[in-house]
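Enquirer: One structure coming up, written as structure tokens, with questions to follow.
The values are calculated or read from the model by the stated rules, or taken from the named source; none is laboratory data. Values in this document were obtained by computation on a predicted structure and should not be read as measured data. Using ideal geometry, Cβ is built from the backbone for each residue, glycine included, and neighbour counts are taken over all protein chains shown.
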Amino acid sequence: MRDKHQIIEEPCEVKVSCTVLKTNGVGDNLVEFTTFLTCSDGSKIESPQFFKQSLNIIKKASRYHSRKLKGSAKRERARKNLVRRYEDIYNRRRDWFWKLAHELTNKFDVLCFETLNLRGMQRLWGRKVSDLAFGEFLQILEWVAKKKDKQLVFVDQWYPSTKTCSSCGYVLETLDLSIREWRCLSCESVNGRDENAARNICAVGASTVRLGDVRRANPAIAV
């Protein structure tokens, strides 16, 4: 096993993945979670949305179950069928999580994520956040990273990664969720909301493990 102080041989290998919201409009009921991760190199990993894919099947199985007489053998069979449908979604999602965790840890030595208030997001957007199951993914990723001697860095949720210009460090006072791209008032660079946040999280995460500007290390925790 290699020395943990030698996580990455070259700083250019440090890249970031972070959770993002992809919105197609303004308002809670118009928010769509189509992207699972956005990386600091601009690449994106789309969300499979397993529950959404199977929603019609779940509804059909649920209706079939509810129409059967309580206590009957047919209702019990319908219940077991509904349970199998949910288990299928759970198993497909976990299989994808494990494959993604291995893919990321094979590619990167340090992975940086923004700490999110997942419970608050779930209260706000309900099933859409539950379908992502990002907390479950992080648990799997932490286990895989530990086995491979890789490192995870979690950036504080209050760090203004979205509102900070990754080119010059200028910080906006406010940035509405509906705005997906903005121009910096200082250096005039055009920043994509998610890509810009990923680059900032990458910089903070790298500084935390002494691979970048250590002045940016304060809002992050390495595990």
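Enquirer: Can you find even one residue in the stretch 137-146 that is outside any helix (DSSP H, G or I) and loosely packed, with under 15 Cβ neighbours inside 10 Å?
Expert: No.
Enquirer: In the stretch 42-100, which residues are outside any helix (DSSP H, G or I), over 30 Å from A197 (Cβ atoms) and in contact (Cβ under 8 Å) with a residue 24 or more places away in the chain?
Expert: S54
Enquirer: Same structure, new question: From the list T162, T115, T105, which one is surrounded by 13 or more Cβ atoms within 10 Å (Cβ to Cβ), in contact with a Phe, Trp or Tyr (Cβ under 8 Å, 6 or more places away or on another chain) and not basic (K, R)? Full working, then the answer.
Expert: Values: T162 fails: in contact with a Phe, Trp or Tyr (Cβ under 8 Å, 6 or more places away or on another chain); T105 fails: in contact with a Phe, Trp or Tyr (Cβ under 8 Å, 6 or more places away or on another chain).
Result of the check over T162, T115, T105: T115.
Enquirer: What is the one condition in (1) in contact with a Ser or Thr (Cβ under 7 Å, 6 or more places away or on another chain); (2) assigned to a loop (DSSP other than H, G, I, E, B); (3) at pLDDT 80 or above that Y159 does not satisfy?
Expert: Just one mismatch for Y159, condition (1).
Enquirer: While we're looking at this one, here's another question. For residues that are more than 20 Å from the chain's Cα centre (by Cα) and of a type in the set (A, V, I, L, M), tally how many sit in the stretch 176-193.
Expert: 2
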